[in-house]
Amino acid sequence: MRVFLCLLAALAMLSACATKQPYADDETIARVRYTDPGPPELVLYTMINNRTGGGAHSSLMISASERVIFDPAGSFYASVVPERNDVLFGISPAIEQAYRGAHARSTHHVVIQSVEVTQQQAETAYRLALSNGAVAGAFCSNATAQLLQKVPGFEQVRGGFSPKRLMRQFGSLPGVRTEEYHEDDSPDLQKALAEGDRRLAQDAALAE
């Protein structure tokens, strides 16, 4: 019965965790590489449905030797953000803002949980994200939890197919800081992605 319920939950989240598998080349990734000047950090994003309170998606930003977002079966897209096997590269502050802004709209908000880690922990998470491979639809929380379990100090994290369960367990870890991010714009995710892509492309053109 438990397996059956998990499968039902996975199917219910297919619309939130859509599978896509772009594959950026090494040169493109190297060109946008961004290293955050702050301490090594892991940041868990949980997208919450404002109407039902249910979890819709999980992803993990990793600030290591470079900053990336492990976005398993995610729907985020921007023309200036290379992606390979569900890892988004070049996560500058502007890109991070675009990422949370695309997911926060009248129908959803984003819970952002961050924790400082050692350089070794961050690099372990980073290597795991790069080697994980693309994730099947609706397995976003499961894949994120499995990655975290392999990072020393995070072995107790369990998520299954529930983004909210993962959020609660991550939030119980020592030193985790939690905030919520809200926007009240169009509920259309594709419209939000297109608008964010337009702004990022304009900023990139001005910077050249």
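Quick look at the values:
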quantity	calculated
Kirkwood Rh and Cα Rg combined as Rg over Rh, evaluated for segment 63-153	0.94
Sequence ranges 51-58, 139-146, ranked by mean other-Cβ count within 10 angstrom, highest first	139-146, 51-58
Correct option for semi-axes √(5λ) of the Cα gyration tensor in Å [calculated from the coordinates] among [x] 27, 20, 17; [y] 43, 17, 14; [z] 24, 21, 16	[z]
Local net charge near residue 167, Cβ-Cβ under 13 Å (Lys/Arg +1, Asp/Glu -1)	+2
Overall Cα dimensions of segment 23-81, principal axis frame, Å, largest first	42, 28, 14
Stokes-Einstein D in µm²/s, Kirkwood radius over Cα pairs - segment 61-116 at 4 °C with 1.567 mPa s viscosity	108 µm²/s
Packing rank of 148-159, 25-36, where each peptide gets the mean count of other beta carbons within 10 Å, highest leading	148-159, 25-36
Solvent accessible area, Å² - residue 79, 1.4 Å probe, full protein context	70 Å²
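The values are calculated or read from the model by the stated rules, or taken from the named source; none is laboratory data. Worth saying up front: this structure is predicted, and the values here are computed from it rather than measured. Because the Cβ atoms are built from the backbone with ideal geometry, glycine has one as well, and the counts that use them run over all protein chains shown. When the accessible area is computed, the model is the full protein with side chains, heavy atoms only, and any ligands, DNA or RNA have been set aside. Shrake-Rupley method; radii C 1.70, N 1.55, O 1.52, S 1.80 Å.
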